[in-house]
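A short worksheet on the structure shown next.
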Amino acid sequence: MTARQAVAALKLTLLLSILVAAINAVAGTLVAWVLVRDRFRGRALVNALIDLPFALPTIVAGITLLALYGPNGPVGVNVVGTRWAIAMALLFVTLPFVVRSVQPVLMELDREMEEAAVSLGAGSLTVFRRIVLPNLVPAILSGAALGFARAVGEFGSVVLIAGNLPFKTEVASVFIFGRIESDAVTSAAAVSVVLLALSLLVLLAIRALGRLGHGR
Amino acid sequence: MVVDRRARIGLRVLALAYLAALLLVPVGVVFYRTFEHGLGTVWESITTPAAIHAFWLTVRIALIAVPLNTVLGVVTALALVRGRFRGKAVLHAVIDLPFAISPVVIGLALVLVYGRTGWFGGWLADHGVQVIFAVPGMVLATIFVCLPFVVREVEPVLREVGDEQEQAAATLGASRWQTFARVTLPAIRYGIAYGVVLSTARAIGEFGAVSVVSGKIAGQTDTLTLLVENRFQNFDVAGAYAASALLALIALLTLLVMTGLRPRRDQS
C-alpha cells in the first residue's frame, strides 16, 4: 500500500516538474525578452520583482496563492486540492530560474546578426527562430533544469494548497514528510534516495550544459 | 530584434499579465487581507507571546547560521579558487547540493544522523544533548540550506580579481593575514554582502528542513514560518496572513537591498 502510494507520489512529482519546466522555458524566455528588449515605464521595478520568489519564504508563497485562488478568494475560483494548485505553486517558486539565466545571454547577444537577417528580408518570427533562439537554447535549458530540480523537491509552497490526498495530489516531498511524522523513516528514506538521485542527475546535466555553452 | 510595435506591446502585455497573475496580485491580496480589519488587529496578532517567541527564535537561528556560513563560505571560496588540493572537483560539485536537494530530505538526513535512533543520536542523548526536535537541529538545518550562498557569490569575484595584487602585497612584505585583510577582503566585500543578504533571507524563510527537525513544539520550536503553518492549520487564517505579511515585508526589504547592492557587486 505505502509502496504504491510512494510510486504515485513520485510519478505525480515527476509529471508536474516536467510540465513546470516546460512552461518555465516558454514563459521565462518571454519575460526575459520583454525585460531586455522592450522599453516601458516600471521596467526596473518589474526586473527587481522577478527575484521575489527567491526572497519570499515558501510557506508564504503558498499562503499568497491561497489568498487569491483559494476558498473565499476574490476571483471566485478555488484550486485548493487540485493538481493545478500544485503546478501553480511550483511555477511561482521556480519563476526566476529561466528568466535569470536567459537575461544576461540576451543582453550580450550581438544585434548586428538580427539586423542583417532583417535587411535580407527575414520576418521577425524567422529572426527569432533562426537567430535569437539558437543562441538562447543552452541558457533556457539550464534554467529549466534548475527549475525542474527545485520543483522536484519543493515542499513549503505546496503543502498548504495541494490538499495532499494520497494517489491524487500528494507530491514526493509531502509523502516523505508524512512518513517521517509517522515514524516510518525507512520508507521516507527510500523515496528520498530517488529524489536525491534525480537532483544529482540534473546537477550533472547542468554542468555538462555549461561546458557545452562555453565551448561554443 | 526588429519587432513591429503591435507585436512588441502584445508580448509585453502577455509577460506582465503572467507576472501579475502569478506574483504581484497574490502578494497584494495577502497584504490587503492582512490590513482589511485595521492595523490594531494586525499588531495584536503579531505581538502574541507565541508570535514574539517565534520572531526571536527566527532571529536567534539566523544570527548563528549566517555568520558561521559567511566565514566558512569565504574560506571555502578561497580554497576553491586559490587552493590546489585533491578532491577539489568533488567539493565544487558538492557545494551546490543544498540548492538541489529537497528541504524535507535535508531534514530527514539530519534525523537519521542526530535523531534518537541515529548514528550520533544515542551518544548525544547520553550526554544530555538533544539535537532533533530542539533548537540545535533547527540551527543545523538552516546552516545546511544556506551553505552555498556566500561561496557562490564570492567565488566568481575572487576569480575575476585574480591574485596579482595579493602577490604584490606579499612581495612587499605583507603577512598572509595582512594580505587578506587589506587586499582580498576589500575586493570581495560586495560579493560577501550580497551572499549574506541572500543567506539571511533564506535563513529567515526556511520552512521544510526546519519543520522536519523542529518537532513542532508550540511555544518552543516555532519559527515565524512554522507559526504561519501552525496558525493556518488551526484555522486562524487572519493570524496566518498577519505573520505572512511580516515575512513578505522582510522579503521585500531583502529585494530592495539586493537591488541596491547589485551594481556595486557587478562593478567589483
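The numbers here are math on the coordinates, done by the rules we state, and not lab data. Keep in mind the model is a prediction, meaning the values are calculated, not measured. For neighbour counting, all protein chains shown are included, and Cβ atoms are generated from backbone atoms with ideal geometry for every residue, glycine included.
Looking only at B:G219, B:G239, B:G83, which one moves most when chain B is put into a Gaussian network model with springs between Cα atoms under 10 Å?
B:G83
Modelled label-to-label distance, A:T2 and A:D110, 7 Å Cα→beta-carbon offset: nm?
With each label point 7 Å from Cα toward Cβ, the separation is 6.0 nm.
For peptide A:44-55, how many partner chain Cβ atoms fall within 10 Å of a residue's Cβ, on average?
6
Sorted by mean Cβ packing within 10 Å, highest first, what order do the peptides B:37-43, B:23-29 take?
On the way: B:37-43: 11.7, B:23-29: 20.0.
In decreasing order of mean packing, B:37-43, B:23-29 become B:23-29, B:37-43.
Note the full-extension length gain between B:W119 and B:L261 as 0.36 nm times their separation in residues minus their Cα-Cα distance, in nm to one decimal. If you can, show how the numbers build up before the last one.
On the way: separation 142, 0.36 × 142 = 51.12 nm, distance 4.27 nm.
Full-extension gain reported as 46.9 nm.
What is the distance in Å between the Cα centroid of the range A:1-60 and that of the range B:227-268?
18 Å
Averaged across B:204-210, how many Cβ atoms of other chains sit within 10 Å of each residue's Cβ atom?
Taking the mean over all residues of the peptide, I get 6.
If neighbour count is taken as other Cβ atoms inside 10 Å, put B:W119, A:W84 in order from fewest to most.
The most exposed by this proxy come first: B:W119, A:W84.
Averaged across B:90-102, how many Cβ atoms of other chains sit within 10 Å of each residue's Cβ atom?
Mean inter-chain Cβ contacts per residue within 10 Å come to 5.
Which number do you get for Rg(Cα) / (2.2 N^0.38 Å) in the range A:3-119?
1.34
Give me the three principal axis extents of the range B:137-178 from the C-alpha atoms, as integers in angstrom, largest value leading.
So the extents along the principal axes, rounded to whole Å, are 46, 21, 7.
Which ordering of B:R12, B:R116, A:R179 is given by a fewest-first count of other beta-carbon atoms within 10 Å? Provide the component values of the computation, followed by the final result.
Values: B:R12 20, B:R116 14, A:R179 23.
Ranked by crowding around the Cβ, least crowded first: B:R116, B:R12, A:R179.
Per DSSP helix of 4 or more residues, -39500 (n - 2.57); summed, then divided by the residues of chain B. What does that give at 222 nm, rounded to the nearest 500?
Calculated from helices alone, the mean residue ellipticity at 222 nm is -24500 deg cm²/dmol.
Which of B:R60, B:R182, B:R152 moves most in a GNM of chain B, Cα contacts under 10 Å?
Of the options given, B:R182 has the highest mean-square fluctuation.
How far apart, in nm, are the 7 Å Cα→Cβ label points at B:V13 and B:E44?
4.6 nm
Give me the percent relative contact order of chain A, please, defined on Cα pairs under 8 angstrom at least 6 residues apart.
Numbers: 254 pairs, mean separation 67.1, N = 216.
It rounds to 31 percent for chain A.
Which aspartates and glutamates, if any, have their Cα less than 15 Å from the Cα of A:K11, not counting same-chain residues under 8 positions apart?
Within reach: A:E154, A:E170.
Distance in nm between label sites at A:R130 and A:L204, each 7 Å beyond Cα in the beta-carbon direction?
So the label points at A:R130 and A:L204 sit 3.9 nm apart.
Summing +1 for each Lys or Arg and -1 for each Asp or Glu, what net charge is found among the other residues whose Cβ lies under 11 Å from the Cβ of B:R8?
In short, +3.
Reported to two decimal places, what Rg/Rh ratio describes the protein assembly as shown when computed on Cα atoms with Rh from the Kirkwood expression?
Details: Rg = 23.3 Å, Rh = 23.9 Å.
Rg/Rh for the protein assembly as shown comes to 0.98.
Treat the count of other C-beta atoms within 10 Å as a stand-in for reagent exposure and order B:V151, B:V81 from fewest to most.
Ascending Cβ contact count within 10 Å gives the list B:V81, B:V151.
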